[in-house]
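Working notes for the structure below.
We did not get these values from a lab; they are worked out from the coordinates using the rules stated. Values in this document were obtained by computation on a predicted structure and should not be read as measured data. Here the Cβ positions follow ideal geometry from the backbone for every residue, glycine too, while neighbour counts run over all protein chains shown.
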């Protein structure tokens, strides 16, 4: 994901009241995501490929530890939003910022 480009695009879309959604496999630097993209993101859809790290490395080419950590952070964020957010799991997460 080109976070600087996505963040700029989403910022412009939000200025026009356009709903924004990211679909991701979750392999990204969370701190950069949190600073550049998340402030302008209404919905995050996680597409987790495999739960087993060895199988994930075999079939996807990388282990999934950071992916699972990012997934947990997004789930926690949705829970922290209470009635303004939602999360689902365990094989996918839908973060949605309500109102």
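Tabulated values for the structure
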item	result
Matching residues, region 2-18, being out of contact with any helix residue (DSSP H, G or I) (no Cβ under 8 Å at 6 or more places or on another chain) and at negative phi	2, 5, 8, 9, 12, 15, 16, 18
Residues of region 52-75 classified as touching a helix residue (DSSP H, G or I) at 6+ places or on another chain (Cβ under 8 Å) and part of a loop (DSSP other than H, G, I, E, B), total	3
Hits in region 5-37 (condition: surrounded by 15 or more Cβ atoms within 10 Å (Cβ to Cβ) and touching a strand residue (DSSP E or B) at 6+ places or on another chain (Cβ under 8 Å))	6, 20, 22, 24, 25, 26, 37
Complete set of residues in region 39-50 that are out of contact with any strand residue (DSSP E or B) (no Cβ under 8 Å at 6 or more places or on another chain) and either surrounded by 12 or more Cβ atoms within 10 Å (Cβ to Cβ) or on the phi > 0 side of the Ramachandran plot (or both)	40, 48, 49, 50
Pick from region 12-56, criterion farther than 17 Å from residue 69 by Cβ and in contact (Cβ under 8 Å) with a residue 40 or more places away in the chain, ranking: nearest to the chain's Cα centre (by Cα)	45
